[in-house]
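The values are calculated or read from the model by the stated rules, or taken from the named source; none is laboratory data. As the structure is a computational prediction, the values presented were derived from the model and not from experiment. Cβ atoms come from the backbone with ideal geometry, glycine included; neighbour counts cover every protein chain shown.
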Amino acid sequence: MSGVGEAIQAKCLSFGDRIIKLNDYLLKKAANKQPTYKIVNGKRVYEKSVPVYLQAVSNLCNQLLRAGTSIGANNAEATSAISKADFKSKSYIALKEARESIYWIELLHRNGYLSDEQFDSIYADAEELVKVLTHRCKKIDEQLREDK
């Protein structure tokens, strides 16, 4: 892997780490709002499925977790590509996942799950990844045009 590729992968991994920690934090925060059990015949019975009051934040977090961690996975695949076309494809998928992550971050913020400070911080990281990956994809396109 080149120095640039290693730097991009390091950013992807760092962002993935933040997404995992954010996911855990938001789910714990939401779970502490109400009990996750009900009383049946005088006994405490824990719910096996996601309680209704957690479904929205759980689904949003899951989408962000999937998109945010997929960026690094697709970037890693791009660095092991078998052709320039494969490299381009995986790089563009990583970029799309970064943009999707921004969408989920914005949605979490709009619905009050992220404070302004949390939003600004994680959004800045996601936006930086989008910029880096956009630059990479543009360079790939230029190189492929030159090869023709």
Taking Gly112 as meeting all but one of (1) part of a helix (DSSP H, G or I); (2) surrounded by fewer than 17 Cβ atoms within 10 Å (Cβ to Cβ), write down the number of the exception. (1)
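Every residue, every condition in (1) surrounded by fewer than 14 Cβ atoms within 10 Å (Cβ to Cβ); (2) closer than 15 Å to Ile19 by Cβ; (3) at pLDDT 95 or above; (4) among the hydroxyl-bearing types (Ser, Thr, Tyr), yes or no:
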| position | (1), (2), (3), (4) |
| --- | --- |
| Ser70 | no, yes, yes, yes |
| Lys90 | no, no, yes, no |
| Leu107 | no, yes, yes, no |
| Asp120 | yes, no, yes, no |
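A quick yes/no check of all residues on (1) more than 24 Å from Ala124 (Cα to Cα); (2) at pLDDT 90 or above; (3) surrounded by 11 or more Cβ atoms within 10 Å (Cβ to Cβ):
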site	(1), (2), (3)
Leu26	no, yes, yes
Lys29	no, no, yes
Lys43	yes, no, no
Ser49	yes, no, no
Gln55	yes, no, yes
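Yes/no matrix, rows are residues, columns are (1) over 19 Å from Glu127 (Cβ atoms); (2) without any contact (Cβ under 8 Å) to a residue 12 or more places away in the chain; (3) not in a helix (DSSP H, G or I):
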residue	(1), (2), (3)
Gly72	no, no, no
Ala78	yes, no, no
Ala81	yes, yes, yes
Ser89	yes, yes, no
Ala94	no, no, no
Ser101	no, no, no
Leu108	no, no, no
